[in-house]
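These notes concern the structure reproduced below.
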């Protein structure tokens, strides 16, 4: 019984080994190439379970169809205007022909070796045709970096196609200057930015002056219009006042003169005022004892019968 069990286990182990040597699985992310004594005899691009002759007669080489990334080390180039620049780039690629890939580059390391030469040469040639100011600029309408990288990608893809893979994208990770040139470059950039700032300040000052001039002109116009309207209003008011005075004067001339004279007294005479006027002044008309409209208190001076006495009495009355 024990012998039978061991025999069964041995048969199963041999069967499993035979199956593993004969059958193999292909995943959706890869292609498989069946080689016989090192020579490719069959290419499998569809996923599934397949059979082959056991090793060492036939072997399997699997090649990934997934997107791969190659990083180009920092490399110094010359721009179109002969400026030294340092670029660090990366490229993405994928296998398009598994058989050609196996024959020409064998594996990912071989593809990276090919890409190093191709990307370096194509990137240097492309950057050498564009001025630095068109590679790095704040003016979006002047920048040519995207189209330059697109051209690099297209030319690199054309060169790698015979090797069984293609470049799908090329981008820059860094674009800078050599360490020896950084100080002078930063100084030049600082000077350019200061010149731009001065220009902006000058334009701002000019614009502010223009705005202030326009505001002052508008202010003067508003004040002139207001003064004109005020003058017209005062003129109409004065005309109305004159018309009222004229109507009042026309109704009772003597009373109007008397009222206006009293108003005049109230404007220029107060408790501390001493007023000396000739006896013939119109202001003393109602203070003259000889007048029928003389103020109270002048009758005694009139009885004195002398002009001097009447004048003194008028002065005394005004001082009161």
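Every read-out reported here was derived from the displayed coordinates using simple, explicitly stated rules and does not represent laboratory data. Computed from a predicted structure; not experimentally measured. Neighbour counts are summed over all protein chains in view; Cβ atoms, including those assigned to glycine, are modelled from backbone coordinates with ideal geometry.
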How high is the FRET efficiency from residue 262 to residue 234, r the C-beta distance, R0 30 Å, rounded to 0.05? 0.70
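Run through every distinct alpha carbon pair of the range 25-117 and return the Kirkwood hydrodynamic radius in angstroms, one decimal place. Display every interim value, and only then the final one.
Details: mean 1/r = 0.0644 Å⁻¹.
Kirkwood radius, the range 25-117: 15.5 Å.
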Distance in nm between label sites at residue 139 and residue 83, each 7 Å beyond Cα in the beta-carbon direction? 1.3
Listed peptides 129-135, 87-93, 103-109, 223-229 by packing density, highest first (mean Cβ within 10 Å): 87-93, 129-135, 103-109, 223-229
Simple spin-label estimate for residue 213/residue 36, 7 Å along Cα→Cβ, in nm, reads 9.5
Mind checking the full-extension length gain between residue 100 and residue 187? Use 0.36 nm per residue of separation minus the Cα-Cα distance, one decimal, nm. 26.1 nm
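Once you compute Rg and the Kirkwood Rh from C-alpha atoms, what is the Rg to Rh ratio for the range 68-177?
Details: Rg = 14.6 Å, Rh = 14.3 Å.
Checking Rg against Rh, the ratio lands at 1.02.
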